[in-house]
1. Mean-square fluctuation check for the chain, GNM, Cα pairs under 10 Å: which of HIS185, HIS216, HIS175 is largest?
2. When DSSP assigns beta bridges and you keep just the ones with both residues in the chain, what percent turn out antiparallel, to the nearest 5?
3. Taking R0 as 25 Å, what's the FRET efficiency between THR67 and VAL110 from their Cβ-Cβ distance, rounded to 0.05?
4. Could you compute the FRET efficiency for ALA193 and ALA33, with r as their C-beta to C-beta distance and R0 at 41 Å, rounded to 0.05?
5. Between the range 174-237 and the range 82-156, what is the C-alpha centre distance in whole Å?
6. Looking at the square roots a ≥ b ≥ c of the eigenvalues of the Cα gyration tensor of the chain, which shape do they give, rounded for a/c under 1.5, prolate if a/b is larger than b/c, or oblate?
7. For the range 196-243, rounded, prolate or oblate, judged on the Cα gyration tensor with a ≥ b ≥ c (square roots of eigenvalues), a/c < 1.5 rounded, else prolate if a/b > b/c?
8. Would you pull out the residues with amide H under 5 Å of THR182's amide H, same chain only if 5 or more places away, H placed 1.01 Å from N?
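The values are calculated or read from the model by the stated rules, or taken from the named source; none is laboratory data. Every value quoted in this text rests on a predicted model; they were computed, and no experiment measured them. Neighbour counts are summed over all protein chains in view; Cβ atoms, including those assigned to glycine, are modelled from backbone coordinates with ideal geometry. What goes into the accessible areas is simple: the full protein's heavy atoms, side chains included, and nothing from ligands, DNA or RNA. Shrake-Rupley method; radii C 1.70, N 1.55, O 1.52, S 1.80 Å.
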Amino acid sequence: MPHPSPREGSPDAPASPVHPHEIDEAHESTVPAPLPSERLVREAVARPRALVLALHGGTVRSTAPVTGRSASWHRMRAVQRDIAAGLADAGVATWLLRYSERGWNGDGAVVRADARAALAQVRAEHGDLPVVLLGHSMGARVAVHEADDPQVVGVVGLAPWWQPDDPVTALTGRHLRAAHGTGDHITSATMTAAYVERAGRLTASAAFTPMGPVGHYMLRRVPAWHAAALDGCLDVLRSADAV
């Protein structure tokens, strides 16, 4: 099906594919400054075996800061709260990152740097802990761009915003899981399935879960969405022998 054309200003609404951009550059050798405490919501466990870093959605273009009133952040916070106990049973902590700005803004430089800073903070606090990146919409796009971090063992995307020119090389040797509904008019389930197929040539494993005729914001079939998040993260960690 053709890619939807949502209103540019709507939450999580991507535009048509952005111009190709280079994202395979080496990660910066400098360690980012620690994130302020309000930028990370932690569901901690004692002596974690692994960690899930949750990445919320955003919008195409906006340099406005993400505040505690952000609907996209709150939706991912609900996911985090619901799956935290199931992850904790496996010895897995969860962190939710709040970006410093709302938009992808061409190449995702700022939100991707935020994700790198959060990963650096995992290292500072927990050492070489295996990490799964769990992203909704734009968060899933951030995740696949930053999946080549040495601690990342895989990505779970919920209603991802993945475009035909998004590269897959960062996923080499990692595990990829994605879930998407056919009623999504903001991002495209067809594009997600195509991305999973393309990435599957390089990943250790890749799988796509169809969610049926549900939309982008995960407000219908909520238990099924949260189960897809939990099961996807645990499946990635088990496939990577991390739990």
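1. Largest GNM mean-square fluctuation: HIS185.
2. Rounded to the nearest five, the antiparallel share is 10 percent.
3. Efficiency for this residue pair is about 0.95.
4. E(calc), rounded to 0.05, equals 0.60.
5. Cα centroid of the range 174-237 versus Cα centroid of the range 82-156: 17 Å apart.
6. rounded
7. oblate
8. For THR182, the qualifying residues are MET211, GLY212, VAL214.
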